[in-house]
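Worksheet for the structure shown next.
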Amino acid sequence: MSQKITFGLFFALILHVLPAWAINPDDLLRVEEAFKLSHRVVAPHRIELRWQIADGYYLYRNKLKFTPQDADVVLGMPDLPAGKMKHDPNFGDVVVYYHDLPVTLPVTSAPAATFKLKVGYQGCADVGVCYPPQQQTLTIKLAQPLPAALATSSSGNDPVASLLKPNGSGLNLFADALLPPDQAFQLMVESNDAQTVQLRWQIAEGYYLYRDKIALTVMSPDTVRVDTLQLPEGDWEQDETFGRVEVYYQSVLAQALLQRANADAQTLTLNVAYQGCAVRGVCYQPMNKTVTLALPALAEAALVEDFQGSEQDRVVALLKHDGLLWIWASFFGFGLLLAFTPCVFPMLPILSGLIVGKRETVSMRRGLLLSLSYVLASALMYTVFGVLAALFGANLQALFQQTWILVLFSGLFVALALSMFGFYHLELPKVWQAKLHDVSEQHRDGSYWGAAIMGALSALIVGPCVAAPLAGALIYIGQTGDAWLGGSALFMMGLGMGAPLVLVGASAGKLLPKAGHWLNATKAVFGVLMLAMAVWMLDRILPGQVTLLLWALLLIIPAIYLNALEPLAAGASGWQRLWKGVGVVMLGYGVMLLIGVSLGNQNPLKPLAGLNVQGQAFKEAPVMPMTVVTSMPQLQTVLAESQAKGQLVMLDFYADWCVSCKELEAFTFTDPAVRRQLQAMRVVKADVTENTPEQQALLKQFDLFGPPAILFFQQGQELARYRVIGYQDAGQFLTTLTQVKQSCDVRSC
């Protein structure tokens, strides 16, 4: 037995070292055969270098060097292909090239038609043998010398340069030409150590870079984030586009400090955003560069234990890394939590009204099927439009907040209310009823179809709010294109949101009264609720005083029907006394609303604000100073001004049709403790009510699909970790503000 074990170990050792013995230096290709380098001039100011790489060999991206041997020759940034990530035994995670490597090299200046170019490179064989660094000196022959100003003479073929129209007149051909953006602002990015990334821009003469337009975002992995981006001070200039701004000339060196939750060596993918202009007044479009770097291993002591992004970022991480069943369960739970928010709660009287509004007695089975029809259609519509919004980058629910749609839907609620009051009965024509009976074998009034249609419309019109789970799912779909996983998660969230509605529908047969006087009274109550839904929707488009008057009428008139002004009979029952009390309360509050209308108030929760009674005034809290923006240029101006003053900025995305936005204004922002915290910040409201292209672009700039959303900015950069999506009450929001302030203190805001 021991002999077998010894022989097995010896055989394994032979297999382990056999590949090393098998490498014969005579079998390796010579370096010039493994990596055949050629070159050609493809344009007056562009050279193409090409390596033909033999099978089983590769070149390192970071070992490519291009150095002109003539002092007056200036080269632009080389255009390198993406390459392939490889874990190399010598250099760790690196980008390498196989088979064919074309590199385009711009020539910015070449006083002579012929110059020498030294090209450095290094490669290896897949068997594990690496060649030493190589250098070749090439003789480049241009058609004619290139003065510095002639470097972009062919930029007319550049789609970006062709869009840039220079100002002024009387300029000669060479002065009129603009450098391509990669030549005007040459970017180099490298990792200094496991927690630091260095960014350097070489800026051409006559061009400058905006300080507040420089931003750095980690695209992957999720375990790394940018903690701070350290930028040097620039020069203050009066810019034609953005006013007084801080800019950089010639060169700028920035350093990004990273926070990591994983100590292993890994590949880092960054998005670098920046924008610059030519001195003569021509500005380039904002630029984004994707850069891949190898991060070395990190000491365990430097790990961030409480690493977490915003709530929507954690939802995105859940979708990317967790199992399907856990994702579905989590989103069903998210939906249950959202079921009790103002965006979903209005669906309860809609569904209950549909069930109560039927002429026949509603059984438990029928109530369950009606509510399932409503909820499934709502969840399905929520899913379909959510996926489309993520793929096409638009909040499609916002499209349904147009005036004519809201008026039409409000009219539908009024029609349902009048039906419940007994003015008429709503049912499909007899011919339609017969066809539906043949197809579905359901009840003749087609109510399941009606419930499904109302569920689909309710998902689009009644509750257009965005919460963190919804935003996270939309971001995940937009980033990955995985519409199936994201869509199924949204469907589960829709089912969670509708679960309480299903319970209400299923219990209708037990909880709701049977035929008779009580059933008629119940229908009347739900008729009033339907009218309330109509007023609630019209509040998005009508002036505040008009809706306040409608609320007053909706309280006063039903109160009269509840005998609020009639004396109780001597032998009145307990129920009669209860409804009498409800009527008196409704009447009293309705009168207060009428007084509020006469005072010019608009908030139904504070109808007597401004009323002076014996020298005492019911006053609303003073209006919080707020700057309103509706486009990205307006916001950039505000951020630049705040950055110059060292102010923190809170950006609140708002729309008149967003229920949670109004909740934030009415309850959260009016809290005294919240207002005290906000006094130290500049509060900016991004109004996206009209859903114009400029407002859509403003949302898209921050990967938002709709309001409500609250973002915080320090030195022109968003503190993404503290982003708030959806509604937060005063207590939760105070915690967020405290964390933002603490972060700002640590970073010396």
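The values are calculated or read from the model by the stated rules, or taken from the named source; none is laboratory data. In this text, all values refer to a predicted model and were calculated from it rather than measured experimentally. Don't worry about glycine lacking a Cβ; one is built from the backbone with ideal geometry, like all the others, and counts go over all protein chains shown. Heavy atoms of the whole protein, side chains included, go into the accessibility calculation; ligands, DNA and RNA do not. Shrake-Rupley method; radii C 1.70, N 1.55, O 1.52, S 1.80 Å.
On the given criteria, is M632 within 20 Å of the chain's Cα centre (by Cα), within 22 Å of A697 (Cβ to Cβ) and buried (at least 19 other Cβ atoms within 10 Å of the Cβ)?
no
Checking R723 against (1) touching a Leu at 6+ places or on another chain (Cβ under 6 Å); (2) modelled with pLDDT of 80 or more; (3) within 27 Å of I541 (Cβ to Cβ), which test does it fail?
The failed condition is (3).
To keep it simple, each residue is scored yes or no on (1) more than 24 Å from L538 (Cβ to Cβ); (2) without any contact (Cβ under 8 Å) to a residue 40 or more places away in the chain; (3) in contact with a Pro (Cβ under 8 Å, 6 or more places away or on another chain); (4) of a type in the set (F, W, Y).
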site: S642; (1), (2), (3), (4): yes, no, no, no
site: V659; (1), (2), (3), (4): no, no, yes, no
site: E665; (1), (2), (3), (4): no, yes, no, no
site: A673; (1), (2), (3), (4): yes, no, no, no
site: V684; (1), (2), (3), (4): yes, no, no, no
site: L704; (1), (2), (3), (4): yes, no, no, no
site: F712; (1), (2), (3), (4): yes, no, no, yes
site: L719; (1), (2), (3), (4): yes, yes, no, no
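Test of understanding: among L370, L351, L436, which residue is open to solvent by less than 50 Å² (accessible area, probe 1.4 Å), modelled with pLDDT under 70 and assigned to a helix (DSSP H, G or I)?
On inspection, the qualifying residue turns out to be L436.
Could you check the range 91-103 and list, in sequence order, the residues that are at pLDDT 85 or above and not in a loop (DSSP other than H, G, I, E, B)?
Result: V96, Y97, D100, L101, P102, V103.
Taking the stated definitions as given, is A254 farther than 26 Å from F702 by Cα and at pLDDT 85 or above?
no
Only one residue in H99, H87 is under 37 Å from the mean Cα position of the chain (by Cα) and under 29 Å from K289 (Cα atoms), so which one is that?
Working: H99 fails: under 37 Å from the mean Cα position of the chain (by Cα).
The unique qualifying residue is H87.
Got a number for residues in the range 51-77 being open to solvent by less than 60 Å² (accessible area, probe 1.4 Å), within 24 Å of L187 (Cβ to Cβ) and either in contact with a Lys or Arg (Cβ under 8 Å, 6 or more places away or on another chain) or at pLDDT below 80 (or both)?
Matching residues across the range 51-77 total 5.
Take the range 263-283 and flag every residue that is assigned to a strand (DSSP E or B), surrounded by 15 or more Cβ atoms within 10 Å (Cβ to Cβ) and modelled with pLDDT of 85 or more.
Once the filter is applied, which keeps residues that are assigned to a strand (DSSP E or B), surrounded by 15 or more Cβ atoms within 10 Å (Cβ to Cβ) and modelled with pLDDT of 85 or more, the range 263-283 yields Q266, T267, L268, T269, L270, V272, Y274, G276, C277, A278.
Give the number of residues within the range 721-746 that are over 25 Å from L258 (Cα atoms) and in contact (Cβ under 8 Å) with a residue 40 or more places away in the chain. Give the steps one after another, and end with the answer.
Filtering the range 721-746 down to residues over 25 Å from L258 (Cα atoms) leaves 726-734.
From what is left, the residues that are in contact (Cβ under 8 Å) with a residue 40 or more places away in the chain are 726-730, 733-734.
Going through the range 721-746 one residue at a time, the tally reaches 7.
Quick one: is V245 touching a residue at least 24 places away in the same chain (Cβ under 8 Å), among the aliphatic types (A, V, I, L, M), more than 16 Å from A184 (Cα to Cα) and open to solvent by less than 30 Å² (accessible area, probe 1.4 Å)?
yes
Would you point out which residue out of A82, A110 is aliphatic (A, V, I, L, M), farther than 19 Å from Q202 by Cβ and at pLDDT below 90? If you could, list the steps in order and put the result at the bottom.
Working: A110 fails: farther than 19 Å from Q202 by Cβ.
Testing whether each residue is aliphatic (A, V, I, L, M), farther than 19 Å from Q202 by Cβ and at pLDDT below 90 leaves just A82.
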